[in-house]
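Working notes for the structure below.
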Amino acid sequence: MKINKGVEWAAHACTLLEPLWPDGGLTLSALAEFHELPEAYMAKQMQALSKAGIVSGGRGRNGYYILARPPKDISLLDILLAVDGGQPMFSCSEIRQNGPCAATREECKSICCIAAQFAGAEQKYRESLADIDLAKLASNIVDQMNATNRQKTEDWLEDNQRTQS
């Protein structure tokens, strides 16, 4: 399984917005600048997050994005689904009905054992992502930073933050 780069970018953007919640946000250009990402690609991820109700704002030249709900109410699963959609990762093509020993359609009324195993694994994967909220994730990121980078990030956020006035 490979997760789309856009999911990574969206997750990083959300963790950057987390300490600014509920009144502060960042412009699209600031979000792209922080990780040296192309603004056009970041815009696509932010639009997906906005459509999913994870962020709001961002319209116009002076617009900025803010988290649309409390960080503890946003999970990694929410971000993944916003960017990649909710389609199952595995799609059974019923190949057991092909070949010299093919099963008949009537014999394939129950779910394929392989499809069932993939579905169960995907369910556990999604549940584990649902258990990781943005507040916890952002706290873990800060804990990993050295003191210098933590201070640089705090200063950068202060310099780039937009607030509702």
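Brief remarks follow.
- For segment 118-160, a residue qualifies if it is within 21 Å of the chain's Cα centre (by Cα) and either at positive phi or small (Gly, Ala, Ser) (or both), and the qualifying residues are 119, 121, 128, 130, 135, 138, 139.
- Evaluation of residue 56 against (1) surrounded by fewer than 17 Cβ atoms within 10 Å (Cβ to Cβ); (2) assigned to a helix (DSSP H, G or I) (one fails), failing number: (2)
- Scanning segment 1-53 for residues that are of a type outside the set (Gly, Ala, Ser), under 13 Å from the mean Cα position of the chain (by Cα) and part of a loop (DSSP other than H, G, I, E, B) turns up 3, 4.
- Just one of the listed residues (131, 73, 155) is of a type in the set (D, E, K, R), at pLDDT 95 or above and surrounded by 12 or more Cβ atoms within 10 Å (Cβ to Cβ), and it is 73.
- Annotation note: Cβ proximity below 8 Å between a residue of segment 91-112 that is closer than 25 Å to residue 123 by Cβ and a residue that is basic (Lys, Arg) and surrounded by 10 or more Cβ atoms within 10 Å (Cβ to Cβ) (sequence gap 6+ or interchain) occurs for 108/96; 112/96.
- Restricted to segment 1-20, and to residues there that are among the hydrophobic types (A, V, I, L, M, F, W, C) and surrounded by fewer than 20 Cβ atoms within 10 Å (Cβ to Cβ), the residue that is nearest to residue 151 (Cα to Cα) is 7.
The values are calculated or read from the model by the stated rules, or taken from the named source; none is laboratory data. Quantities reported herein were computed from a predicted structural model and do not represent experimental measurements. All Cβ positions, glycine included, derive from the backbone under ideal geometry; neighbour counts span all protein chains shown.
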